[in-house]
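Take a look at the structure below.
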Amino acid sequence: MTLEEFYKQVETHYQNQLPFVVYRKPNQAKIWGRLQSNADLVFTQDFNQKGFVFSPFDNIKNTVLIPNEISEIIQTKIELQTFSETKTGSDFNLNDAKNFHIQLVEKGLSAIKNSELKKVVLSRQEVVSASQTNPIATFKKLLNKYNSAFVYCWYHPKVGLWLGATPETLIKIEGSRFSIMALAGTQDYKGSLDVVWKEKELQEQQFVTDFIIENLKPSVEHFKVSDIETVKAGNLVHLKTIISAQLKPNIPLTQIIEALHPTPAVCGLPKEAAKAFILNHENYNREFYTGFLGELNCEIKVAPRSSKRNIENRAYAVTKKSTQLYVNLRCMQLINQQAIIYVGGGITESSNAEQEWEETVSKSLVIKSVL
């Protein structure tokens, strides 16, 4: 299928108000589309089905599924392009939002000082005018700007229209091999990955890594933790660790998702206390922001490792079940002529409220730059 035919088919589906998702995985030169044949709203309760899931921050029981069995799956190749990052200025009056967010952060700091809370991720939404209301055109811009992100456009007539370019993988499972990304800490990208990280950001990263290992212990064996590295995502840099493991036999996927989601990277520690603070104080509904999305139980072909002993077997690929879920960050919701942008940051005892506000402004530019 040509690129032109691919986009034409997706556009027609959108005009017919039928559910779909189009996406490109990080650093890949292929885009996928899943086009649901009817407008039914399907949920997954046990994560046993095959398809594409879109899950909210608050309750995985409301995870929407675009099922393989009632969807056409299409794909095409694209060229990866390199664009220089441009910062887009904001002509919106953010004073009220700034005052509220700074007060929110100060409440978070007070709770960390006076309760069991160690970290809480606090966010806000920003409503901006969208001159470009065609989601496919915006999706193309995101593709061109953010090669290393999971870029998507997701639509369901009964839920809404979301787009994003997220740098963070939640989980990747191939057969019984499992990996997860711990991403935390944020700085503006200033032309180099050779940056100095403060204790606050290193502590944030350690919180996420420790949480993942502790909560996965009942489900996996043979842990392996990578070194911490600095990675670029749009106009920002973050700290990243990859934790990989072997899943124990017959572990249900729901058990893993419930143990991990939401991670301290998007919620806080302890998880339930942080989540309660967020729901009580953020003053808006995150909906699918800081939820997760991606392919569920899809079949992939993996070529066997080549060696002198099995040269004759190289032609035989093994089919494995694969799940790849991404945290829904750097995202927006399009409603009429407006884009609702969602941004946030992790608060620990050493956070500074003014700097936390500035971090959300920097993060908002990732999405604003394509509007």
With Rg and Dmax of the Cα atoms in Å defined as stated, name the option among [x] 25.3, 81; [y] 20.5, 68; [z] 30.2, 95 computed from the structure displayed. [y]
To the nearest Å, what is the center-to-center distance of segment 1-32 and segment 166-214, using C-alpha atoms only? 30 Å
Dipole of the chain, positive direction: furthest Cα of G33, V361, I300, with charges on the beta-carbon: I300
Computed from the beta carbon distance with a Förster radius of 30 Å, FRET efficiency for N144 and E221 to the nearest 0.05 stands at 0.10
Filtering the chain for DSSP H helices with an axial alpha carbon extent of at least 24 Å and a Kyte-Doolittle mean of at least -1.0 returns 95-114, 199-216
How many Å² of accessible area per residue for the chain, probe 1.4 Å? 47 Å²
Once amide H atoms are placed 1.01 Å from N in the peptide plane, what residues at a sequence separation of 5 or more from Y189, or on another chain, have their amide H within under 5 Å of its amide H? L236, V237
Sum -39500 (n - 2.57) across every DSSP H segment of at least 4 residues in the chain, then divide by the residue count to get the 222 nm mean residue ellipticity, nearest 500. -8500 deg cm²/dmol
Cα centroid distance between segment 248-295 and segment 340-360, in Å? 19 Å
Residue with peak Gaussian network fluctuation, the chain [Cα springs, cutoff 10 Å], from E359, E79, E295: E79
Starting from the 7 Å offset along Cα-to-Cβ, what nm value, one decimal, do you get for the label separation of T319 and N250? 2.4 nm
Can you pick out the pairs among K301/K363; K25/K61; K50/K141; K248/K321 whose Cα atoms lie more than 27 Å from each other? K301/K363; K50/K141
Evaluate the charge dipole of the chain about its Cα centre and quote only its size in Debye, nearest 20, assuming +1 on the Cβ of each Lys and Arg and -1 on the Cβ of each Asp and Glu. 1080 debye
Which FRET efficiency, nearest 0.05, do E199 and E5 yield, Cβ-Cβ r, R0 56 Å? 0.60
May I ask you to derive the relative contact order of the chain, considering only C-alpha pairs under 8 Å and at least 6 residues apart, and to give it as an integer percent? 24 percent
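Using a 1.4 Å probe on the protein chains only, how many percent of the accessible area of the chain belongs to carbon and sulfur?
On the way: 8020 of 17270 Å².
That fraction is 46 percent.
Assuming R0 = 51 Å, can you tell me the calculated FRET efficiency for the pair S110 and N16, based on Cβ-Cβ distance, to the nearest 0.05?
Details: r = 51 Å, r/R0 = 1.00.
E between S110 and N16, to the nearest 0.05, is 0.50.
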Please check: in the Gaussian network model of the chain (C-alpha springs, under 10 Å), which one of D96, D58, D210 has the largest mean-square fluctuation. D96
Taking the alpha-carbon distance from K107 and a cut-off under 16 Å, which aspartates and glutamates remain once sequence neighbours fewer than 8 residues away in the same chain are dropped? E116, E282, E349, E354, E356
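The values are calculated or read from the model by the stated rules, or taken from the named source; none is laboratory data. In this text the structure is predicted, and so the values were computed from the model without any measurement. Virtual Cβ from ideal backbone geometry, glycine too; neighbours counted across all protein chains shown. Note: areas computed on protein heavy atoms with side chains; ligands, DNA, RNA excluded. Shrake-Rupley method; radii C 1.70, N 1.55, O 1.52, S 1.80 Å.
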